[in-house]
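Just below is one structure, and these are the notes that go with it.
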Amino acid sequence: MSTPRRGRWASRDSLRRSDLVRIILRGAFGDRILTDEPLAPYTSFRIGGPAQWFLKAESVEELREAVRVAQRAHIPYLVLGRGSNVLVSDDGVDGLVILNRTRRFTVRPASAGLLLVADSGVSLPKLAGKLAQGGVSGLEWAIGIPGSVGGAVVQNAGAWGHEIKDRLVSVEWLTPDGQIEEVPAQRLELDYRRSALLDVPPGKRPIILRAKFQVDRGKPTEVQRRLRCYIMRRTTSQPRAPSGGSVFRNPPGDYAGRLIEAVGLKGHRIGNAQFSPKHANFIINLGGATAEDVRALIDLARRRVRDAFGITLELEIELVGRWEEEDESQAQDHTPPAQGQEGEDGP
Ligand SMILES: Cc1cc2nc3c(=O)[nH]c(=O)nc-3n(C[C@H](O)[C@H](O)[C@H](O)COP(=O)(O)OP(=O)(O)OC[C@H]3O[C@@H](n4cnc5c(N)ncnc54)[C@H](O)[C@@H]3O)c2cc1C
């Protein structure tokens, strides 16, 4: 039997890899690094297993540092905004989940109207609400989209005939090799619920740190009236139960909800997940649904719609975490805008 080596190198050799990862992560963020943190509370579905490692990033600097530290530890990382467009697997997510809670935004005069610069973690509904209070117009339609600015850019979120693409000027992103770049909106190739970022696996995507939007001065009462209209329209058309919003993209010239209804699945339930009786393209969590329940509904709808119409429904939500192979083919400061508006969206 060989004599164990002593001293610094001996102890380093004997460290397990997970201990090394813990030392690197805790060395950077201390007790704020959580282990086996359940992700369900951070998603709009209220579904999902634990994150192996978890950190809430409260500033853009922390967001950057978290990515850098994950890279140094050689572990995968996933940035989660408001978790409103993901289905997290029951088995959870390997590596570091970075919950993006960056929250600053500013509005300042620009050559055309006003320029809004928002951290990627800012909540869209809070942003839309606060802009409206300050008489800034352009994002009212986003009031009912429960995502973050970063998630909305990745997905080119939209509603009621408007989309992020209409207003986005540029983003500041962090490349996988640690560079910060300002990228004009055109480079993101934004299209219906798509961006070029979605062609890259989540762990290899650039991370959006901030986004710039062209917005306009408006009359506060008018902007707020529009906001109320959008809220009303949503309340009447969408279910209130936890969900991930629209599950499938609408195929060209049709509606995923219509197709799901046509194959008899509106209201259909597996486990505690159900195609909403109010809006068939929403899967709702009736309470205690698992990711597998949702996945089974997804697979069933795809199969039935393909068999009946020859159309393959494409997912709008993203499956994240550990999954088996698919079974189917698959502001608080409201100074007048002209002098600048600045604030935070709150926790
Ligand atoms: C009730 C309900 C209604 C909805 N209505 C609409 C609607 O009308 N229109 C619409 O378009 N969508 C809608 N959605 C879907 C969803 O809210 C949007 O897609 C939203 O923009 C997602 O943002 P998020 O922060 O929640 O993203 P997340 O779900 O947190 O993340 C989605 C993906 O984006 C990545 N990502 C997140 N932040 C960043 C970042 N900063 N940099 C790089 N990648 C990032 C994540 O890693 C993940 O891959 C709805 C959802 C719900 C639950």
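The values are calculated or read from the model by the stated rules, or taken from the named source; none is laboratory data. The structure displayed is predicted, hence computed values, not measured ones. We place every Cβ from the backbone using ideal geometry, glycine too, and count neighbours over all the protein chains shown.
Is at least one residue of region 46-65 within 24 Å of Gln238 (Cα to Cα), in contact with a Ser or Thr (Cβ under 8 Å, 6 or more places away or on another chain) and aromatic (Phe, Trp, Tyr)?
Looking for residues that are within 24 Å of Gln238 (Cα to Cα), in contact with a Ser or Thr (Cβ under 8 Å, 6 or more places away or on another chain) and aromatic (Phe, Trp, Tyr), one finds none in region 46-65, hence no.
Quick one: how many residues across region 90-113 are outside any loop (DSSP other than H, G, I, E, B), over 14 Å from the mean Cα position of the chain (by Cα), surrounded by 22 or more Cβ atoms within 10 Å (Cβ to Cβ) and not β-branched (Val, Ile, Thr)?
Of the residues in that region, 2 qualify.
When only residues in region 114-149 that are part of a loop (DSSP other than H, G, I, E, B) and of a type outside the set (Gly, Ala, Ser) count, which is farthest from the ligand (Cβ to nearest atom)?
Leu139
Checking Glu140 against (1) surrounded by 24 or more Cβ atoms within 10 Å (Cβ to Cβ); (2) within 23 Å of Glu314 (Cα to Cα); (3) of a type in the set (Asp, Glu), which test does it fail?
(2)
I need a count of the residues in region 19-61 that are away from the ligand (no atom under 16 Å from the Cβ) and among the charged types (D, E, K, R).
Looking only at that region, the number is 6.
Does at least one position in region 193-209 carry a residue that is loosely packed, with under 14 Cβ neighbours inside 10 Å and either modelled with pLDDT of 95 or more or polar (S, T, N, Q) (or both)?
Within region 193-209, not a single residue is loosely packed, with under 14 Cβ neighbours inside 10 Å and either modelled with pLDDT of 95 or more or polar (S, T, N, Q) (or both).
Are any residues in region 175-192 more than 20 Å from the chain's Cα centre (by Cα) and at pLDDT below 95, and if so, which ones?
Asp177, Gly178, Gln179
Hey, among Leu78, Leu87, which residue is within 11 Å of the ligand (Cβ to nearest atom), in contact with a Pro (Cβ under 6 Å, 6 or more places away or on another chain), in a strand (DSSP E or B) and of a type outside the set (Asp, Glu)?
It is Leu78.
Quick test for you: out of Glu181, Glu189, Glu163, Glu172, pick the one residue that is in contact with a Phe, Trp or Tyr (Cβ under 7 Å, 6 or more places away or on another chain) and of a type in the set (Asp, Glu).
The unique qualifying residue is Glu181.
Let's see how each residue does on (1) buried (at least 20 other Cβ atoms within 10 Å of the Cβ); (2) farther than 27 Å from Pro41 by Cβ:
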| residue | (1), (2) |
| --- | --- |
| Gln238 | no, no |
| Gly244 | yes, no |
| Pro252 | no, yes |
| Lys266 | no, yes |
| Asn281 | yes, no |
| Ala289 | yes, no |
| Glu292 | no, no |
| Arg295 | yes, no |
